[in-house]
């Protein structure tokens, strides 16, 4: 459905460009007319209304609680879209900002991650500078496209913390350019639109995230004034982001219902196209438990840099990790004598280690990740079974 929608959007834009040429008008002329007439705002509101179709897609829970979370989800996507494509949309003067966090969530956002994004462009060259600090992992990723464009998101380049050359005090610089430059280089291409910074904690309460800044190397010290074109295009992209992300992840969640209470391997191509990390193996699925049921997950962790498991609502938002234990990782887990791990998802404390709290939900999505497997190591599929909550084994 999104691909078909984007096909028609491409056709519509081509047709509009042809009509403009016939009328002797420029794209800037049209943007100005749309802003002055209010059409840009009207279409933005219409697109937001259309995004609400995700709430009624097949498989979506229709009870008041889950629908309320769904509406809040759309409002969060709207806030995130406006920040990304209006407030911080200028690739000539990029700003690193947290895109997914405690109150903006999408696509099974990782509670162990500290996400930064910046809008960039292959027209410019940039310098990242900062300090390593104590966070367990950080990686720099350039992406072509975004959720609101016709091609989705596709990986461009990766530079991980172990591959960066640091100064004695832990500081570093990275050049983003189309041609190799500098001691540390991260490639961008003509179609690159986003820089993503992922930082992963073993203990987010004890570790300090890396300090990272970005600047355009053309020397400018301030952003330009907003233009009608920037605002018009920003409103369109923001609303397409809301609709595109909501529809994409609603389709995923509905598909996961086919293997509820199991954790099969997720297609790596799908995760990469949605902005996932190619060095991570994902096990997306669905969970559904009655009041007196729990889900027991058992696995022998392989040799890997780290792993984690998290619980989400139906809309693929991580549950509220500020106040509840809804995720577990390699460092926080308690292990069996043989090195295996048991994780239990339950509505109340079952008196077992590694309890994941459902936070009043009775269904939703879930995700297990293996990070950066050691060479030659195979990824095991976590084994799941539903057990009585009162008598866990």
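The values are calculated or read from the model by the stated rules, or taken from the named source; none is laboratory data. Keep in mind that this is a model prediction, so the values were computed, not measured. Here Cβ is always computed from backbone atoms with ideal geometry, including for glycine, and neighbour counts include all displayed protein chains.
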field: Criterion: within 25 Å of the chain's Cα centre (by Cα) and without any contact (Cβ under 8 Å) to a residue 40 or more places away in the chain - qualifying residue of 333, 379
entry: 333
- request: Please tell me if residue 71 is modelled with pLDDT of 95 or more and more than 30 Å from residue 129 (Cα to Cα).
  value: yes
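Pick out, from the range 62-162, the strands (runs of 3 or more DSSP E) lying fully within it that include 1 or more residues that are out of contact with any strand residue (DSSP E or B) (no Cβ under 7 Å at 6 or more places or on another chain) and surrounded by fewer than 16 Cβ atoms within 10 Å (Cβ to Cβ). So that I can check it myself, show each step before the final result.
On the way: elements: 113-119, 126-131, 137-144, 154-160.
Ranges flagged: none.
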task: Residue by residue through the range 341-376, note down the ones that are over 24 Å from residue 60 (Cα atoms) and exposed (fewer than 12 other Cβ atoms within 10 Å of the Cβ).
output: 349, 351, 374, 375, 376
- prompt: Among the residues of the range 196-226, how many are assigned to a loop (DSSP other than H, G, I, E, B) and either in contact (Cβ under 8 Å) with a residue 60 or more places away in the chain or within 29 Å of residue 279 (Cα to Cα) (or both)?
  reply: 16
Residue that is surrounded by the most Cβ atoms within 10 Å (Cβ to Cβ), among those in the range 248-280 that are at pLDDT 95 or above and either on the phi > 0 side of the Ramachandran plot or in a loop (DSSP other than H, G, I, E, B) (or both): 263
task: Identify, by number, the condition in (1) modelled with pLDDT of 95 or more; (2) over 28 Å from residue 206 (Cα atoms); (3) in the same structural domain as residue 372 (by TED's automatic domain parsing) that residue 312 doesn't meet.
output: (2)
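Against the definition (modelled with pLDDT under 95 and not assigned by TED's automatic domain parsing to the domain that holds residue 202), how does residue 85 come out, yes or no? Quick ask: steps written out before the conclusion?
Numbers: modelled with pLDDT under 95: yes; not assigned by TED's automatic domain parsing to the domain that holds residue 202: yes.
When the stated conditions are applied, residue 85 passes them.
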- request: Residue by residue through the range 346-357, note down the ones that are touching a residue at least 40 places away in the same chain (Cβ under 8 Å) and under 16 Å from residue 263 (Cβ atoms).
  value: 356
